[in-house]
Amino acid sequence: METSREDVGIAIRSAFLRKGTQQRFSLFALVVLSILFLIFEKIDAKPINYFRSFVKDLVYRSSLIASSPSKGINATLRFTKDHINLYKNYNQLKKENDQLRNKIFESDYLILENTQLRKLIDEQVESSSNLVSSRVMLDKQSPYLNSFIIKSGANHKIKNGMAVLDGKNFIGRIVDVNFFSSRVLLISDLNSKIPVVIEPSGNHAILSGRGEKELTLEYLPENHTVKDGGKIYTSGKGAIFSPGIPVGITKVKDGKIVVSLFSDLSQITFVNIILEDLDGKK
């Protein structure tokens, strides 16, 4: 009997702790049932015992129902809070990942630049020519204009007509000089005409730009012996450039001879300029 009273008391206290209209109704029902339960508690008969057991089950279930809404709300709030925290953590991790990726890209770019600069410095030391290195500021390549703007000008003794190299390979000439910058007309430009010699045949020709990657040879002698794989060098004719600067290699394409440059003009970030005037004097 004592245990039954305690169970009813626990259920009543549980209902008192809840708030809201539904909980107040549950409390009222529990009070009524408790009074009935106390009345029938004194009677020891089988039907009364059955009824008492029914009342206990009803009390327990009422207590469970009264507590279910708050449990559901608390569970929903915890679920929502966990997902909000998860979303915040995801955004933070994504931001950190993007920052690390950018640092890696910057590091790779700096390594590439350092490699190119080291190559230029080594070539300057090995070369007998007086070279000046410069960074490419703007790339103005298009089907009708192939040129660079470099970050050196009269302040580095640069003059019009000077040869411009990618490492040791000829890629163009200076055509416009400012105090702090200069424009380089690339060998692929339609207005570029360079006297060259083809080895091992020894034939001389004019290398002409077409606004494309491949160039053409003009004024070859009719009995020339130029074949696929011939190497092109500046000839030094006209005292425009020093002789023997590497330019490209010949290819036979559709029965015609074209020239592929040793350097990829789309990948150049630094250049060397040979400090000599149009007469070939340093």
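Worth pointing out:
- Top-ranked residue of the stretch 229-242 - restricted to ones that are surrounded by fewer than 20 Cβ atoms within 10 Å (Cβ to Cβ) and at pLDDT 90 or above, ranked as farthest from ASN203 (Cα to Cα): GLY229
- Of the residues examined, LEU185 is one that is closer than 16 Å to VAL136 by Cβ and modelled with pLDDT of 90 or more.
- Restricting GLU218, GLU212 to those that are surrounded by fewer than 18 Cβ atoms within 10 Å (Cβ to Cβ), among the acidic types (Asp, Glu) and over 28 Å from ARG135 (Cβ atoms) reduces the list to GLU218.
- Selection from the stretch 179-194 of residues that are of a type outside the set (Gly, Ala, Ser) and crowded, with 18+ Cβ neighbours inside 10 Å: ARG183, VAL184, LEU185, LEU186, ILE187, ASP189, ILE194
- Residues that are assigned to a loop (DSSP other than H, G, I, E, B) and of a type outside the set (Val, Ile, Thr) within the stretch 239-256 comprise PHE241, SER242, PRO243, GLY244, ASP254, GLY255, listed in sequence order.
- Test: SER263 is in contact with a Gly (Cβ under 8 Å, 6 or more places away or on another chain), among the hydroxyl-bearing types (Ser, Thr, Tyr), outside any helix (DSSP H, G or I) and under 23 Å from ILE149 (Cβ atoms): yes
- Looking at VAL226, VAL252, VAL258, just one residue is more than 38 Å from the chain's Cα centre (by Cα) and farther than 16 Å from PRO195 by Cβ, and that residue is VAL252.
- Close pairs from the stretch 194-212: first in contact (Cβ under 8 Å) with a residue 60 or more places away in the chain, partner assigned to a strand (DSSP E or B) and of a type outside the set (D, E, K, R), Cβ under 9 Å, at least 6 apart: GLY209/LEU185; GLY209/LEU186; GLY209/ILE194; GLY209/LEU215; GLY209/THR216
- Matching residues, the stretch 226-238, being over 17 Å from VAL258 (Cβ atoms) and assigned to a loop (DSSP other than H, G, I, E, B): SER235, GLY236
- Filter result (within 30 Å of the chain's Cα centre (by Cα) and among the aromatic types (Phe, Trp, Tyr)) within the stretch 141-188: PHE148
- Filter pass, GLU222 being touching a Leu at 6+ places or on another chain (Cβ under 9 Å) and either assigned by TED's automatic domain parsing to the domain that holds SER152 or without any contact (Cβ under 8 Å) to a residue 24 or more places away in the chain (or both): no
The values are calculated or read from the model by the stated rules, or taken from the named source; none is laboratory data. Quick caveat, the model's predicted, so the values are computed rather than measured. All Cβ positions, even for glycine, are placed from backbone atoms using ideal geometry, and neighbour counts span all protein chains on display.
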